[in-house]
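Written below as structure tokens is the structure these notes are about.
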Amino acid sequence: MTKIFEVPLYAYESSADQASALPVRHQVIVVGAGPVGLAAAIDLAQQGVEVLVLDDNDKVSFGSRAICFAQRPLEIMDRLGCGQPMVDKGIQWHEGKVFFDTRQVYGFDLQPEKGQRLPAFINLQQYYFEQFLVDRVRELQQQGAAIEIRGRNKVEAVGTHPDHVRLEVETPEGPYIVEADWVIACDGAGSSMRSMLGKDFHGRVFEDNFLIADVVMQSDLPSERWFWFDPPFNRGQSALLHKQPDGVWRIDLQLGWDIDKDKEKRPENVIPRIKAMLGDDIDFEIDWVSIYTFQCRRMERFRHDRVIFAGDSAHQVSPFGARGANSGVQDTDNLCWKLSMVIDGRAPETILDSYDRERTQAADENISASTRSTEFITPKSDMSRLLRDAVLDLSAQFEFARPLVNSGRLSTPCIYDGSPLNSADGLNGPSNTRPGAPCPDAPVGDGFLLSKLNRGFNLLTIDADAPDELEVDGVSVKRVALSVKDDPSLALKHRYLSEATSAVYLIRPDQHIAARRDSYEENAFRQAILRASGKE
């Protein structure tokens, strides 16, 4: 077993809070040091917010867990200072194949458009992701940022008050009490924070189980996503194969509902299944084994006064589609700029309700997509299976059937249509850059668009005039001026103008579009800035 699981990255140390006669108050406490919690803490620290992370563990996650990270979360990680290490270590891929029995019925390409700085997807074990995040925390600490991780600090009780949250924390040296103006609960699917507040999930648990095995082997297979329906090595079920760094391969095998989970995880049962898939002539070692059940559920609300839930503590989806960690990172990206503005007094607390509005919308999209995938992968009636198999047969020859094949619709960012932070669309432009949408990248000059955006609000002008800076009720906005001449590939024009000759975009700190028009109109954009900062 690799040593990364065994070394404490944030070993327990006594803190001054434990010796204090009165509870110490922090600006923000994040509960949970997984990918979502660490991303939230880094985001806040980079904005000058004092943040404390508490976790009952002191090491990275055991096993690969989340492995598939999409372009949008990689763009977010790039802003947090972790994107490049992830890309450098990860296995880049954008193609996949779908098999029915032994036949390949079709293949797909997730990045058909050129002019993207970051890959469509990378595969990277979660423990490496967490390690890069902890490394970034250490960098910020060296730079003087007010960010701290406390390992083996387990939250045992929560008390909510109008102006703060009170936490009782257990440590190897005994309990202590700490307070926070705000708490972000990122403590996973089995969230104790959710339980202590008396909240629960609503949704479906599907009657099926899947075996995950991380297998170390040498193979010349390409870095692609391979999915089988009804393969000869797992007849009547499904299977997935994905490459990870360090010669590790992720294998998912559908097992059915009525199984003995402990028995199925034993090596004497796992090894024959893997040999049936790979062949007797392939040497391999098992690195990690787990069994999971498809679940598509969420909390009714993600914000509960001063306790805000993000990631798996707020919502769960089945793993096919890579919508878990990817969605959780986008939760924190949506939340942290709003919370920072509230703390600084630049936005009212009610802007946090837009986090709930936008990210429950995203969760519903993910749950809907994940549910449809689950129903296609695991049909629950003879008629459903007959229809599914007919679609697979047709997809081998007919283009129209291929969009109906669902081996897990892969993660895409949510467009916040109807958000209270959006202004009316004032540009006859591309649909995928309408208000609420995330900004797509594009090559410009000697770099890429997203790298040129500032950390706060941006006014992106394309062949249009506007002030270089704006300040509206304490909210600063900086201009990024571009021209279609900056991009000979015309990706900037296709993605932001279409048939328009000019455009002005108001872009939020999370790089979602709040407003757009064909030219700069001061009153319209001042109102849009007020609306995007929760003041209208």
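General remarks:
- Residues of the chain: accessible area per residue with a 1.4 Å probe, Å²: 41
- Shape class of the chain from the Cα gyration tensor (axes a ≥ b ≥ c, square roots of the eigenvalues): oblate, since a/c reaches 1.5 or more and a/b does not exceed b/c.
- Prolate/oblate/rounded call for the range 403-536, Cα gyration tensor, a/c under 1.5 rounded: oblate
- Dipole of the chain, positive direction: furthest Cα of 7, 197, 498, with charges on the beta-carbon: 498
- Selection of chymotrypsin sites (Phe, Trp or Tyr not before Pro), the range 209-294, meeting DSSP coil and at most 12 other Cβ within 10 Å: 257
- In sequence order, calculated HN-Hα J values of the range 525-530 (Karplus, 6.51, -1.76, 1.60; Hz; x Gly/Pro): 6, 5, 5, 5, 5, 4
- Computed E for residue 204/residue 404 - FRET, C-beta separation, R0 22 angstrom, nearest 0.05: 0.50
- Backbone N within the range 177-213 under 16 Å of label point (7 Å from residue 14 Cα along the Cβ vector): 177
- For the range 89-144: rounded, prolate or oblate by the Cα gyration tensor [a/c cutoff 1.5]: oblate
- Percentage relative contact order, the range 297-392, counting C-alpha pairs under 8 Å, at least six apart: 28
- Label-point gap, in nm, between residue 95 and residue 451 - each point 7 angstrom along Cα→Cβ: 2.7
- Looking at the range 152-248, the GluC sites (Glu not before Pro) that sit in a DSSP loop and have at most 14 other Cβ atoms within 10 Å of their own Cβ are 173.
- Taking the DSSP bridge list for the chain and keeping only pairs wholly inside it, about 70 percent are antiparallel.
- Apolar share of the accessible surface for the range 189-343: 41 percent from carbon plus sulfur atoms, 1.4 Å probe.
- The relative contact order of the range 143-245, computed from alpha carbon pairs under 8 Å that lie at least 6 residues apart in sequence, is 13 percent.
- If R0 is taken as 35 Å, the Cβ-Cβ distance between residue 135 and residue 265 corresponds to a FRET efficiency of 0.65.
- Taking 18 Å as the limit for the C-alpha separation, the pairs 243/380; 154/261; 261/380; 452/485; 199/535 exceed it in the case of 243/380; 154/261; 261/380; 199/535.
- The mean sequence distance of close C-alpha pairs (under 8 Å, at least 6 residues apart), as a share of the length of the range 438-517, puts its relative contact order at 35 percent.
- Sparse-neighbourhood loop sites, trypsin sites (Lys or Arg not before Pro) in the range 322-389 - DSSP loop, at most 15 other Cβ within 10 angstrom: 380
The values are calculated or read from the model by the stated rules, or taken from the named source; none is laboratory data. Here the structure is a predicted model, which is why all the values come from computation and not from measurement. We place every Cβ from the backbone using ideal geometry, glycine too, and count neighbours over all the protein chains shown. What goes into the accessible areas is simple: the full protein's heavy atoms, side chains included, and nothing from ligands, DNA or RNA. Shrake-Rupley method; radii C 1.70, N 1.55, O 1.52, S 1.80 Å.
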